[in-house]
Amino acid sequence: MDSKTISETINSLRKVFNSGKTLDINFRRKQLQGIKLMMEENESLFVQSLNCDLRKPKFEAIMIETDYILNDVRGMLFNLDSYVKPTPVSKNLALTFDDAFTTPEPYGLVLIIGTWNYPLIVCLSPLIGAIAAGNVAIIKPSEIAPATADLFAKLLPQYIDRDCYRVINGDAVVNQSLLREKFDYIFFTGSQPVGRKVYASAVDHFTPVTLELGGKSPVYIDDSVIDEDYCFRRLLWAKLINAGQTCVAPDYVMCSSQVAERFIESAKKILRKFYGPNGKESPDLTRIINENHFRRLINLLQSSKGTIALGGSYDQAERYIEPTIVVNCSLDDPLMKEEIFGPILPIVIVSNVEEAIKIINSRSKPLTLYVFSKNRKLINKVSRETSSGSVCANDALVHLSIDSLPFGGVGESGLGVYHGKSTFDTFSHHKSVLIRGYNPILEWVASKRYPPYSESNLRRLLRVIKKRQFIPIDSDWIIFFVFFLGAWSFYVLNGLIKYFSS
């Protein structure tokens, strides 16, 4: 799609938004039901497209992509009525009888740029929130997963309003053309280098953004779990889902030499049970997305100064890399310099948790931090003394299944959050509203703010606007109550006198 067509599409979407079409709650609900129906009726087609792009197993395609979206849209439908309601806020005594609240309103035209590793959820999960909040949207799937992008572009207009939501496919040139346009919100999922470009382009129009990036998510394994195979099993499963091509995949492990030896010993048995004697023949191992990413991973592995303790074989023709563990990696090892995004797991030997915390804090803030320990105090220590987008203890990845936990990065790992209500809030401007009444008595109280100023009026005003944790029965409240009751009695008495006089 050329720049002119993109501009025309944007103008068309803005006209639809300005018409107020998407503000109707029933319209939003109908669109969400359309997405739900699309996933239910076409699950097998999406599973096929994900297998074509990544050779993603059916189990992973359904559990982590199609069913995730179904749960996401169900949750939004269940809660939409409560999400759109105004939220009352606390007030000072001077405004006790007035209405003060925040109300969510849509930003307008939003741009959602997806990535290739989970091509369904990174496009549809933000779109669900954008629709629920009342926006119109352009969705740009990743061209690196073409089968899923093409199917998405074909199916979506059949289930939701094509005048309000458009899919635009294309390469990096199309991305650049889109980013030259003005949007009211941009939601991007992808790498840090591209995220910087998106952020820079948004500055020109003061466009708010959410950047879901990534980074090297560390793992610390405490000696207390040295004999617990289930910990190693959870860790390896999370690392090898989607062949490690996950933004929150465990990127490197820090542990003692004793734990490292036990981990490697256990991993040999676990991986054989997961994928059989020859992982290359297993239908349960995803492939690396393309030749460029494959070569990058092999170069990292071959340039590492660490020792390959497990795995290490690969097949370029199939873009297959055997699950690999590399031990004795230094902090300046090539495997420790960038996000791996593949089935390679380096191990850094540390003597204690303090050393692990020091390493974590010396690097960019990660999207997620993992810690395995039976010691709750140690888990709390790691969480308290480090900074990361999220923390998951004694498991990995599964915290993303709780949509009431906001998901997002901090620092270089991202900006903004989503999942569940957080997605709705991300695509909503929460407007502050105060509606005052015209009660004569209240106006008499409020009139104390007008000139000519006096010390007595200042004291009265400071008393009624004083911040209180709760309404206490103290001298200030008694004074206000007596003052208000007296004013009200005077108003009623004056009205009665006028009535009988006439």
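So if I check each of Ser224, Ser177, which one is among the small types (Gly, Ala, Ser) and farther than 30 Å from Ser19 by Cβ? Result: Ser224 is the single residue among Ser224, Ser177 that is among the small types (Gly, Ala, Ser) and farther than 30 Å from Ser19 by Cβ. Note on the stretch 20-61: among residues that are out of contact with any strand residue (DSSP E or B) (no Cβ under 9 Å at 6 or more places or on another chain) and of a type in the set (S, T, N, Q), the one that is surrounded by the most Cβ atoms within 10 Å (Cβ to Cβ) is Ser49. Give me a count of the residues in the stretch 268-288 that are farther than 16 Å from Gln316 by Cα and in contact (Cβ under 8 Å) with a residue 60 or more places away in the chain. Residues meeting the conditions: 2. Here Lys381 does not qualify as surrounded by 15 or more Cβ atoms within 10 Å (Cβ to Cβ), in the same structural domain as Pro334 (by TED's automatic domain parsing) and under 22 Å from the mean Cα position of the chain (by Cα). Arg262: modelled with pLDDT of 95 or more, in the same structural domain as Pro366 (by TED's automatic domain parsing), farther than 20 Å from Glu339 by Cα and surrounded by 15 or more Cβ atoms within 10 Å (Cβ to Cβ), yes or no? Yes, satisfied.
Of all residues in the stretch 69-108, those satisfying the criterion of being part of a loop (DSSP other than H, G, I, E, B) and over 18 Å from Lys30 (Cα atoms) are Lys85, Pro86, Val89, Ser90, Lys91, Asn92, Thr96, Phe97, Asp98, Tyr107, Gly108. The residue that is nearest to Leu240 (Cα to Cα), counting only those in the stretch 388-415 that are touching a Leu at 6+ places or on another chain (Cβ under 9 Å) and assigned to a loop (DSSP other than H, G, I, E, B), is Ala396. Looking across the stretch 62-100 at every residue that is β-branched (Val, Ile, Thr) and under 26 Å from Glu41 (Cβ atoms), the one that is surrounded by the fewest Cβ atoms within 10 Å (Cβ to Cβ) is identified as Ile62.
Yes/no per residue for (1) within 20 Å of Thr246 (Cα to Cα); (2) not hydrophobic (A, V, I, L, M, F, W, C):
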| residue | (1), (2) |
| --- | --- |
| Leu285 | yes, no |
| Ile288 | yes, no |
| Ala309 | no, no |
| Tyr314 | yes, yes |
| Tyr320 | yes, yes |
| Val327 | no, no |
| Met336 | yes, no |
| Phe341 | yes, no |
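Can we say Ser256 is loosely packed, with under 15 Cβ neighbours inside 10 Å and either out of contact with any His (no Cβ under 6 Å at 6 or more places or on another chain) or closer than 30 Å to Leu378 by Cβ (or both)? Criteria not met by Ser256. Scanning the stretch 207-263 for residues that are within 28 Å of the chain's Cα centre (by Cα) and in a loop (DSSP other than H, G, I, E, B) yields Thr207, Pro208, Leu213, Gly214, Gly215, Lys216, Gln245, Thr246, Cys247, Val248, Ala249.
Against the numbered list (1) surrounded by fewer than 22 Cβ atoms within 10 Å (Cβ to Cβ); (2) touching a Ser or Thr at 6+ places or on another chain (Cβ under 9 Å), Val248 comes up short only at (1). Of all residues in the stretch 67-78, those that are among the polar types (S, T, N, Q) have Cβ atoms under 9 Å from Cβ atoms of residues that are outside any helix (DSSP H, G or I) and surrounded by 16 or more Cβ atoms within 10 Å (Cβ to Cβ), 6 or more apart or on another chain, in Asn71/Asp403.
Suppose the filter is acidic (Asp, Glu), within 26 Å of Leu178 (Cα to Cα) and in a helix (DSSP H, G or I); does Asp53 pass it? Judged against the criteria, Asp53 is a match. One residue stands out in the stretch 129-151 among those that are buried (at least 24 other Cβ atoms within 10 Å of the Cβ) and among the β-branched types (Val, Ile, Thr): the one that is farthest from Ser49 (Cα to Cα), namely Val136.
For Ser362, the conditions (1) within 27 Å of Arg296 (Cβ to Cβ); (2) surrounded by 14 or more Cβ atoms within 10 Å (Cβ to Cβ) all hold with the exception of (2).
Output the residue which, of all residues in the stretch 365-378 that are in contact (Cβ under 8 Å) with a residue 40 or more places away in the chain and surrounded by fewer than 20 Cβ atoms within 10 Å (Cβ to Cβ), is nearest to Met254 (Cα to Cα).
The residue in question is Leu378.
Only one entry in Ser428, Ser432 is polar (S, T, N, Q), out of contact with any helix residue (DSSP H, G or I) (no Cβ under 7 Å at 6 or more places or on another chain), touching a residue at least 24 places away in the same chain (Cβ under 8 Å) and surrounded by fewer than 15 Cβ atoms within 10 Å (Cβ to Cβ), namely Ser432. Here the stretch 109-128 is the region considered, the condition is being in a helix (DSSP H, G or I) and among the hydrophobic types (A, V, I, L, M, F, W, C), and the residue that is surrounded by the fewest Cβ atoms within 10 Å (Cβ to Cβ) is Ile121.
The values are calculated or read from the model by the stated rules, or taken from the named source; none is laboratory data. The shown structure was predicted, so the numbers you read here are calculated from the model rather than taken from an experiment. So basically every Cβ, Gly included, is an ideal-geometry build from the backbone, and we count neighbours across all protein chains shown.
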